[in-house]
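The values are calculated or read from the model by the stated rules, or taken from the named source; none is laboratory data. The model shown is predicted, which means the values in this text are computed figures rather than measured ones. With ideal geometry, Cβ positions are generated from the backbone for all residues, glycine too; neighbour counts draw on all protein chains shown.
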Amino acid sequence: MQEAELRGRWWRFLLILIITAVVLVPIAAIFLLSLQPSLGSTTTSEYTFENFTNIFSQTGVLTWLNNSLLVTFVTVIVSVVVAAPAGYVLSRGRNKLVSGFSLVLFIVQSLPVVTAVIPLFILFAQLGLVDTLLGMMIIYVGATMSVAIWMMAAYYDSIPIALEEAAWIDGASVAGGFVRVVLRNSLPGILSTAVFAFLLSWNDYLVALVFLRSSENYVFPVGLETFFQQNATAWGPVAACAVIMMLPPIIMFAVLNKYFSVGGIGGSLAGR
């Protein structure tokens, strides 16, 4: 029995290894392509970083990167700050108003953002928010909010309400119990919500393409697409832009990976 179980583990490990290799092949290909000399380059080495140097010195990549980071950072902060208490109400509330709010969120999150692009463009044109980073922040926060609230509510459901009741008995208010007990045990849920908001705003292309007009306001996906059109045969610089765009999500997952754990919550009720 143990030998069969060991053999099964090895087969699962081999399968995971193959899938990982298949996923990493395109990423490795882009990275290697970004290190190859461009057409007309004077370098004689097989691999070089001149593509990265050229796109930072000769294009608006740095501006696009700063715009994307700013929009994404604001979207993540606002989404988490609003979704955290809203998800708590959705998780702990037991009345018709909360149930109606939950139904509205379910309907809203099922609608694709593209259905609201034209009405939003007309409204934002009247408000002067077209071709502004503030307008993009508002759209991304609105697009993220419904799912973010659902994610926070789902995580709060995994936290025993007995922990809050113990805090209430000790004299804490409802808000105090939420901040000191629920929120302190919700780091994985908060990070999951933040990651969702980050990826939605960082990777968006369609909405940004519609609302942004000037190159100084471009976010990275729109800027990358414009660069690709202008340099259709310069694959090295295009690949270098793609590598730069991949770095923030990779760094974020590498740093936050160790915090995705729900350990400690189940043991909080030990002995009760």
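In this structure, residue 194 does not qualify as within 27 Å of residue 77 (Cβ to Cβ) and in a loop (DSSP other than H, G, I, E, B). Would you tally the residues in the stretch 111-128 being over 19 Å from residue 203 (Cα atoms) and free of Cβ contacts under 8 Å to residues at least 12 places away in the same chain? Of the residues in the stretch 111-128, 8 are over 19 Å from residue 203 (Cα atoms) and free of Cβ contacts under 8 Å to residues at least 12 places away in the same chain.
If I filter the stretch 114-163 down to residues being part of a helix (DSSP H, G or I) and touching a Lys or Arg at 6+ places or on another chain (Cβ under 8 Å), which single residue comes out as nearest to residue 217 (Cα to Cα)? It would help to see each step written out before you state the result.
Keep residues of the stretch 114-163 that are part of a helix (DSSP H, G or I), which gives 114-127, 133-156, 161-163.
Of the ones still in play, those that are also touching a Lys or Arg at 6+ places or on another chain (Cβ under 8 Å) are 156, 161-162.
Working: 156: 38, 161: 46, 162: 49 Å.
Taking the candidates together, the pick is 156.
Total residues in the stretch 168-184 satisfying the condition of being within 22 Å of residue 83 (Cβ to Cβ) and part of a helix (DSSP H, G or I): the figure is 11.
The numbered conditions (1) in a helix (DSSP H, G or I); (2) within 30 Å of residue 226 (Cβ to Cβ) are all true for residue 46 except (1).
Filtering 143, 148, 197 for residues that are under 17 Å from the mean Cα position of the chain (by Cα), surrounded by 21 or more Cβ atoms within 10 Å (Cβ to Cβ) and over 28 Å from residue 243 (Cβ atoms) leaves a single hit, 148.
Do you know which residues across the stretch 80-98 are assigned to a helix (DSSP H, G or I) and without any contact (Cβ under 8 Å) to a residue 40 or more places away in the chain?
Here is the first cut: in the stretch 80-98, the ones assigned to a helix (DSSP H, G or I) are 80-92, 96-98.
Of everything in the stretch 80-98, those that are assigned to a helix (DSSP H, G or I) and without any contact (Cβ under 8 Å) to a residue 40 or more places away in the chain turn out to be 81, 89, 96, 97, 98.
The set of residues in the stretch 109-129 being over 26 Å from residue 252 (Cα atoms) and surrounded by 14 or more Cβ atoms within 10 Å (Cβ to Cβ) consists of 116, 117, 120, 121, 124, 129. Residues in the stretch 47-79 that are surrounded by fewer than 18 Cβ atoms within 10 Å (Cβ to Cβ) and in contact (Cβ under 8 Å) with a residue 24 or more places away in the chain: 54, 60, 63, 69, 70. Candidates are the residues of the stretch 40-77 that are of a type in the set (Ser, Thr, Tyr) and more than 20 Å from residue 248 (Cα to Cα); the one that is modelled with the highest pLDDT is 57. Considering only residues that are at pLDDT below 90 and of a type outside the set (S, T, N, Q), look in the stretch 121-148 and name the one that is farthest from residue 69 (Cα to Cα). Only one residue fits best here, namely 147. The residues of the stretch 201-216 that are in a helix (DSSP H, G or I) and surrounded by 21 or more Cβ atoms within 10 Å (Cβ to Cβ), listed by number, are 201, 202, 207, 208, 211.
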